[in-house]
Structures are given as structure tokens and as C-alpha cells.
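See structure below.
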Amino acid sequence: MTSTATLRERQCTPQQDALSDAQVTALLPLLDGWQRDHQSITRTFSFPDYVATLAFVNAIAPMIHEQDHHPELTVTYNRCVVRYNTHSVNDGKGGLSDNDFICAARIDAIYQQAA
Ligand SMILES: C[C@H](O)[C@H](O)[C@H]1CNC2=NC(N)=NC(=O)C2=N1
């Protein structure tokens, strides 16, 4: 069984196989504030204002680039909704993979460091 600390130290790798529902259910409690939404996981991060919201986006960008795993980001005045899924699994139809949980845990760590 993996831990939050292990998850955020792992590196994304090419994925073909989606996680099972049981695997997703087991991994989700290791993350802070993330929810499953069909074939994605999402978390809403809140900030005092727009500059702080954009600073968060800039803080997570190098990790996203380094891991080559890119979330959908919805940026509003004082919120950023981060949505992760993996395009390559389920024969290209998309779904959840280890990469989504690795990056979600890494984003949680960056957010905590900045707080
Ligand atoms: C070739 C490259 O690794 C892939 O296209 C990456 C890029 N970023 C990605 N981001 C996300 N969210 N899912 C992917 O499957 C994905 N694949």
C-alpha cells in the first residue's frame, strides 16, 4: 500500500492501463481535498485574489512541465480548479492512471509549501 509521501516522490511514466475503481477508491484518501468526477479527479484551490491565484499556477507549472502530465486548469478571480485525467489509457479514450495521483499529490505539496 502506498502513502502520500511515496506518491509525491514518484515520477510520471507512460501509461496504457487505467486504474480500477478499487484502486482509485484506495488512492483518493491519500490526497487532500480531491474528488473523483467520472474519469477525472479535481480539486478547487482558493486564494485571496487574482495575483495569488496566478502565482499558484506559476508555482505548479515547472512540476507539470517536468512530469509531462498536464491538468486542465480553470482560473477565476480567487480560485483555480485543477482537473487531471490521462488521455492514453483505455485505448486512448482516457481515464485515471497513477500519473494523475502522482501529480495531484505533488500539487498538494506545492500548495502546502506556499501556505
Ligand atoms: C507524449 C506525452 O507524454 C503525452 O501526450 C502526455 C502529455 N500530457 C498529458 N497530460 C494529461 N493530463 N494526460 C495525458 O495523457 C498526457 N499525455
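No value in this document is a laboratory result; all are computed from the given coordinates. Everything numeric here is computed off the predicted structure, so don't read it as measured data. Counting neighbours? That spans all protein chains shown, and the Cβs are built from the backbone with ideal geometry, glycine included.
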### Query
When only DSSP loop residues count, what trypsin sites (Lys or Arg not before Pro) in the range 44-115 have their Cβ near at most 11 other Cβ atoms within 10 Å?
93
### the chain, dipole about Cα centre (Lys/Arg Cβ +1, Asp/Glu Cβ -1), debye to the nearest 20
200 debye
### Message
Using 0.36 nm times the number of residues separating residue 51 and residue 36, minus their current alpha carbon distance, what extension gain do you get?
### Response
2.6 nm
### Message
With n ≥ 4 as the cut-off for DSSP H runs, can you work out [θ] at 222 nm for the chain, using -39500 (n - 2.57) per run divided by the number of residues, rounded to the nearest 500?
### Response
-13000 deg cm²/dmol
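Could you calculate the contour length gain from residue 88 to residue 20, that is, 0.36 nm times the residue separation minus the distance between their Cα atoms, to one decimal place in nm?
23.0 nm
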### Query
By what distance, in whole Å, do the Cα atoms of the chain stretch along each of the three principal axes, largest value first?
39, 28, 24
